[in-house]
Structure formats: C-alpha cells, structure tokens
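The values are calculated or read from the model by the stated rules, or taken from the named source; none is laboratory data. The shown structure was predicted, so the numbers you read here are calculated from the model rather than taken from an experiment. No Cβ is skipped: glycine too gets one built from the backbone with ideal geometry, and neighbour counts run over all protein chains shown. What goes into the accessible areas is simple: the full protein's heavy atoms, side chains included, and nothing from ligands, DNA or RNA. Shrake-Rupley method; radii C 1.70, N 1.55, O 1.52, S 1.80 Å.
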Amino acid sequence: MTNFPIGSMAGKAYVEAQGKGSDRYVICHEYLDRHASHFNVENGFELLSKCLNPDPQYPTACSMVFDPQNRTVYIVLKRNFSKIWKLSMENNQIETWRGFKKDLKISIPIGDQSLLASGLLNHS
C-alpha cells in the first residue's frame with residue numbers, strides 16, 4: 001500500500017510519513033484508529049476503497065480483506081468493489097459473494113496448476 005520504508009517512521013508521528021503512498025498510509029491509520037473496536041469485513045472494503053492507488057500507471061489491481069477466524073479471504077479485482085469474490089481456505093473454493101448475476105463456485109487446484117485472476121474476470 002505504500003512505497004516508503006516503514007522503518008523510516010520509527011519515533012515519528014504517522015502524519016509525518018513521506019513518500020509515495022504516504023497519503024494512503026495516513027488515511028489508513030486514521031480510519032483504523034476510529035474503527036478498531038468494531039472492525040469487520042465491510043469496514044475493510046470501505047477502507048480499501050478509500051486507499052486505492054490513484055496513479056493511472058500503477059492502479060490498484062487487487063484488494064483483499066482477510067477474515068482469519070473464518071479462514072476466508074474476500075477479493076476485489078481491478079478496483080470493482082461492486083463485485084466481490086469469497087475464497088474459503090477451509091474447502092479450497094472460491095465463489096461469487098456479492099454483485100454477480102449468478103452464483104458460481106470454483107474449486108481451487110492444488111499443486112502445479114493455478115487459478116488466475118483473468119479466469120475470474122471472465123466470470124464477472
């Protein structure tokens with residue numbers, strides 16, 4: 001999310017961050033301070049949507065919210081927060097979660113095979 005060495009922040013206030021992405025670092029810090037006591041998946045997506053990389057040369061390609069208690073990862077591709085995928089680490093399956101016209105579940109291959117984002121975008 002940032003392109004500056006976080007180690008350079010030692011002993012400094014978060015608002016002193018400098019470098020590419022420092023504005024997003026400040027936004028994240030302040031949002032997390034306000035929502036830490038009740039943070040959930042919806043807050044995660046709200047925060048990530050506020051912190052998209054605005055540089056058209058390097059736009060945000062993928063945003064993820066992790067729910068470790070449920071062993072789930074929610075995924076947004078190409079800044080499209082209206083369509084969210086849900087990846088279950090429990091059953092190695094990815095499925096449409098929100099914003100799709102039809103429900104779809106895809107088993108994730110184990111081993112040398114892979115599931116590419118481009119394959120998921122074909123189902124959008």
Quiz item: open to solvent by 60 Å² or more (accessible area, probe 1.4 Å), in contact (Cβ under 8 Å) with a residue 24 or more places away in the chain and either β-branched (Val, Ile, Thr) or part of a loop (DSSP other than H, G, I, E, B) (or both) - does that describe any residue in region 1-9?
Solution: yes
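How about region 32-57: which of its residues are within 21 Å of Asn80 (Cα to Cα) and among the hydroxyl-bearing types (Ser, Thr, Tyr)? Before the answer, list the steps.
The first filter runs over region 32-57 and keeps only residues within 21 Å of Asn80 (Cα to Cα), leaving 40-57.
Ser49 - this is the single residue of region 32-57 that is within 21 Å of Asn80 (Cα to Cα) and among the hydroxyl-bearing types (Ser, Thr, Tyr).
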Exercise. Can you tell me which residue among Lys20, Lys86, Lys50 is touching a helix residue (DSSP H, G or I) at 6+ places or on another chain (Cβ under 7 Å) and touching a residue at least 12 places away in the same chain (Cβ under 8 Å)?
Key: Lys50
Quiz item: For residues in region 38-56 being over 17 Å from Asp67 (Cα atoms) and open to solvent by 80 Å² or more (accessible area, probe 1.4 Å), which is farthest from the chain's Cα centre (by Cα)?
Solution: Pro56
Quiz item: Restricting the search to region 7-29, which residues are among the hydroxyl-bearing types (Ser, Thr, Tyr) and under 18 Å from the mean Cα position of the chain (by Cα)?
Solution: Ser22, Tyr25
Practice problem: Provide a single number: the residues in region 10-29 that are under 26 Å from Thr72 (Cβ atoms), surrounded by fewer than 16 Cβ atoms within 10 Å (Cβ to Cβ) and modelled with pLDDT under 90. | Solution: 0
Quiz item: Do we find a residue being open to solvent by less than 60 Å² (accessible area, probe 1.4 Å) and of a type in the set (Gly, Ala, Ser) anywhere in region 75-94?
Solution: yes
Quiz item: Hey, among the residues in region 60-74 that are in contact (Cβ under 8 Å) with a residue 24 or more places away in the chain and open to solvent by less than 50 Å² (accessible area, probe 1.4 Å), which one's farthest from Leu115 (Cα to Cα)?
Solution: Asp67
Quiz item: Quick check, is Leu52 closer than 22 Å to Val26 by Cα, modelled with pLDDT of 90 or more and in contact with a Ser or Thr (Cβ under 8 Å, 6 or more places away or on another chain)?
Solution: yes
Self-check item: For Leu32: the one exception among (1) under 13 Å from the mean Cα position of the chain (by Cα); (2) under 26 Å from Ile6 (Cβ atoms); (3) open to solvent by 70 Å² or more (accessible area, probe 1.4 Å)
Solution: (1)
